[in-house]
Every structure is written in C-alpha cells, then in structure tokens.
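Here the structure comes first, spelled out in structure tokens, and everything after it is commentary.
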Amino acid sequence: MRTRARAAGIAVVATTAALVLSTDSAWAFCRTQTCPTPPDYPQPPTLETSGECLPPPADYEAFCAALTPSVTVIVPLWWRNACISYDLQQDAGPGIPLDQATSIVDTSFATWGNAPCSTGSPSILPIDLGPVACGNVEYNGDQGNQHVIVFRETWPHDDPYNTLGLTTVTFDTQTGEIYDADTEINASVAPSILQVPLSGGYDFQSIMTHEAGHFLGMAHATDTSATMYYSYNPGSTNMRSLTADDVAGVCTIYPPNGTRTVDPTIDGGTLPEGPCDPTPRHGFSTECGQPLVSSCAMSASGPHSDSLSVWAVGLFGMAASGLVRSRVRRRDS
C-alpha cells in the first residue's frame, strides 16, 4: 500500500458543526487552530484583540491535552504562498453542470480574495487549476495532490448535524501552515444554483462561500450575521457576501502587505508570504494517489515525518497538513 510521508508535525483535522438556529450576539471572527474546538463551541472569545476565539486558556489547553493524540501546540492555521489552488471534481453534481458549478465556486473564492481590507486586498489569490478526475479527500506526502471540491450524491458521513458542506484541511502541527484542503458538498439536499433559490432551498453559493472561508483558515464565527457563522437559514443568500467580521478575519491572516499573521511564538507572529505558486505540495495531479509498487504496508511514519493527528472543526471547510474538517449545517426555521 501507499505510505503517507509526513512533514514534521503534520495533523489531519476534521471538524463537525451544524447549521442551527442560534440567539448568540455578535462577538468576533475566529481562526481555525491546530486543536479542534470543544463540542460546546461557538462561545464568546477570550482573546478579542487578536481575533482568536478560544475558551479560557487553561480549560482549552486541558481539553487539547486530553485528546488522542494529545495536542500540545495550539496555534492558528494559515497558507504560506501568495497563490493557492482549488479544483472541481469533473463530474460536478446531479443537475449541476460543471461550467455552472465552476462559475459559482470561482465567485465564492473571489469574494474572499477581493475582500476590502483597509489598505487593499488580502495577500492571497485562490486560483482554479481546472477540473480533476479524483474525488477523494486525501493528502499524498509522496506524490501529486489536488485541492478538490466534490459533490456527494450520497452523503458518506454519519452525523446528526444536517451537514451541507464539509472541508478537510491538512496542516503542520507545530506552525499551523496549511498543506492541503478538500471540500465535500452534500448533493443529497439538492443545493440550488439559481440566482434566487426557492423558499426552503439550499443556496450553493452561500454554502461554498462559507466553505472557502474554512479553506483559508477561518473557523466558525460567533457573529450570527457572518458568512462564517455555523448555521444556514434555508432560502437565504446572505452568506454569499462577507460581513465586516469576515473581512477582518481574512485581512488579519493575509494582510495586503504580503505577510502572514501567525502565532506570536513563531518568528514574532509575522512571516513573509511565499511565491505566487498555486501548485499543491508534491506537485499537481488530476488523479488520486496511487499505491507505490515498492511499498507493501501502511506506515505510521515516513521519511522527513513526525506525528500525524486527525480531528474535526468548523462548519463549511477544511485545511491541510494537519487535517481539519468543517461543516455547514442547515437551520430549521
């Protein structure tokens, strides 16, 4: 079987959160961390000045330490390169042509890439590398990758959350740098591609814009009006547009000056962006990873590797090199 090589401190995170009716007041934008959020999230942030939504530090650290495997380094996630890629699976969805799905996905990512920061746009440009054959959620440490967006006609995840979208992110557990992201869209609920969805329908552009936020490292917001809020109101198109809360988040992580806002323990909290190269780690491939002929067994570790962990976080998105899954839930009104 194919081995999965792991860079130092790589984790896979899957996050589950449903879109449900909430009476929470507006608080602040939130960033996905290398540790998943507790089951009772969202909750009021304790670090409002940095924009991070965390439980009281001692409680959060204890929660993370008790996980299996234990998470002892808690830092926010971020992409290094100035350009990143995404790819639709070539079959698109039932009743959703590839060209229309592509147009909506492009618009959703552009909404974040063109967010109006105070001094320009975020220093991150999402680029569509074209349709791919692979529909697997995977990160290959030994061959090419793709950041796939795939429709699931039969939802494969057993959960009680009425999930509309799920993003899985792979990231470096020591620094929070994202290596890979994949998004699954629940096509069993017939997401709408209409400009104005029917009453009670599930607007694909709203779902995709939320998931794109997870893709970039945003977690569920505590502001009920934000695109990154964890629940969706059927028939609504509000999540197509970013609120000030969403804009503050993406502009904080990727300031227009070409830097990355990371944890203060990492080079003082600011790093220069990488080149505008959207190629996934280990190269771009339209096909799924293939077993290596020279390998006969799964390995718990690989060359240049360290520990790999898996957890779930968020509503709409995912991120990689640590794997994070984020879901969007529908709100029953």
Out of the range 228-244, which residues are assigned to a loop (DSSP other than H, G, I, E, B) and touching a residue at least 60 places away in the same chain (Cβ under 8 Å)?
MET228, TYR230, ASN233, PRO234, SER241, LEU242
Which number in (1) under 18 Å from SER118 (Cβ atoms); (2) aliphatic (A, V, I, L, M); (3) surrounded by 14 or more Cβ atoms within 10 Å (Cβ to Cβ) marks the one condition that ILE266 misses?
(1)
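Collect the residues in the range 66-83 that are free of Cβ contacts under 8 Å to residues at least 24 places away in the same chain and within 24 Å of PHE215 (Cβ to Cβ), keeping them in residue-number order. Lay out the reasoning, then the answer.
Looking only at the range 66-83, we keep the residues that are free of Cβ contacts under 8 Å to residues at least 24 places away in the same chain, and these are 66, 68, 70, 72.
Listed by number, the list is empty, since nothing qualifies.
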Exactly one of (1) out of contact with any Pro (no Cβ under 9 Å at 6 or more places or on another chain); (2) farther than 30 Å from PRO256 by Cβ; (3) modelled with pLDDT under 95 is unmet by THR168. Its number?
(2)
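Could you say whether any residue in the range 259-271 is of a type in the set (Lys, Arg), touching a residue at least 24 places away in the same chain (Cβ under 8 Å) and touching a Ser or Thr at 6+ places or on another chain (Cβ under 6 Å)? First the steps, then the outcome.
The first filter runs over the range 259-271 and keeps only residues of a type in the set (Lys, Arg), leaving 260.
After this cut, where a residue has to be touching a residue at least 24 places away in the same chain (Cβ under 8 Å) as well, the list is 260.
Adding the requirement that they be touching a Ser or Thr at 6+ places or on another chain (Cβ under 6 Å) leaves none.
Checked the range 259-271: no residue is of a type in the set (Lys, Arg), touching a residue at least 24 places away in the same chain (Cβ under 8 Å) and touching a Ser or Thr at 6+ places or on another chain (Cβ under 6 Å).
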Please tell me if GLY213 is touching a helix residue (DSSP H, G or I) at 6+ places or on another chain (Cβ under 9 Å), part of a helix (DSSP H, G or I) and on the phi < 0 side of the Ramachandran plot.
yes
Inside the range 228-248, can you point out the residues that are crowded, with 21+ Cβ neighbours inside 10 Å and either at pLDDT below 95 or among the aromatic types (Phe, Trp, Tyr) (or both)?
MET228, TYR229, TYR230, SER231, TYR232, ASP245
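Taking GLU138 as the residue in question, decide whether it is touching a residue at least 24 places away in the same chain (Cβ under 8 Å), among the charged types (D, E, K, R) and crowded, with 16+ Cβ neighbours inside 10 Å. Show your work before the answer.
Numbers: touching a residue at least 24 places away in the same chain (Cβ under 8 Å): yes; among the charged types (D, E, K, R): yes; crowded, with 16+ Cβ neighbours inside 10 Å: yes.
Judged against the criteria, GLU138 is a match.
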Subset tally (residues that are farther than 30 Å from ALA248 by Cα and not in a helix (DSSP H, G or I)) for the range 60-111
14
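With the structure loaded, tell me whether PHE151 is in contact with a Leu (Cβ under 8 Å, 6 or more places away or on another chain) and either outside any loop (DSSP other than H, G, I, E, B) or free of Cβ contacts under 8 Å to residues at least 40 places away in the same chain (or both) or whether it fails that test. First the steps, then the outcome.
Details: in contact with a Leu (Cβ under 8 Å, 6 or more places away or on another chain): no; either outside any loop (DSSP other than H, G, I, E, B) or free of Cβ contacts under 8 Å to residues at least 40 places away in the same chain (or both): yes.
Here the answer is no, as PHE151 does not meet what is asked.
Pull up the range 154-192, narrow it to residues that are among the polar types (S, T, N, Q) and assigned to a strand (DSSP E or B), then point me to the one that is surrounded by the fewest Cβ atoms within 10 Å (Cβ to Cβ).
In the first step, residues of the range 154-192 are kept if they are among the polar types (S, T, N, Q); the result is 154, 162-163, 167-168, 170, 173-175, 183, 186, 188, 192.
Of the ones still in play, those that are also assigned to a strand (DSSP E or B) are 163, 167-168, 170, 183, 186, 192.
Values: THR163: 25, THR167: 35, THR168: 29, THR170: 30, THR183: 29, ASN186: 25, SER192: 22.
So the residue we want is SER192.
Take the residues in the range 107-122 that are polar (S, T, N, Q) and in contact (Cβ under 8 Å) with a residue 40 or more places away in the chain, then tell me which one is farthest from VAL247 (Cα to Cα). Spell out the reasoning first.
Initial filter on the range 107-122 (polar (S, T, N, Q)): 107-108, 111, 114, 118-119, 121.
Filter once more, keeping what is in contact (Cβ under 8 Å) with a residue 40 or more places away in the chain: 107-108, 111, 118-119, 121.
Working: THR107: 16, SER108: 14, THR111: 10, SER118: 10, THR119: 12, SER121: 10 Å.
Result: THR107.
The values are calculated or read from the model by the stated rules, or taken from the named source; none is laboratory data. On a predicted model such as this, the values are computed, not experimentally measured, just so you know. Every residue, glycine as well, gets a Cβ built from its backbone with ideal geometry; the counts of neighbours run over all protein chains shown.
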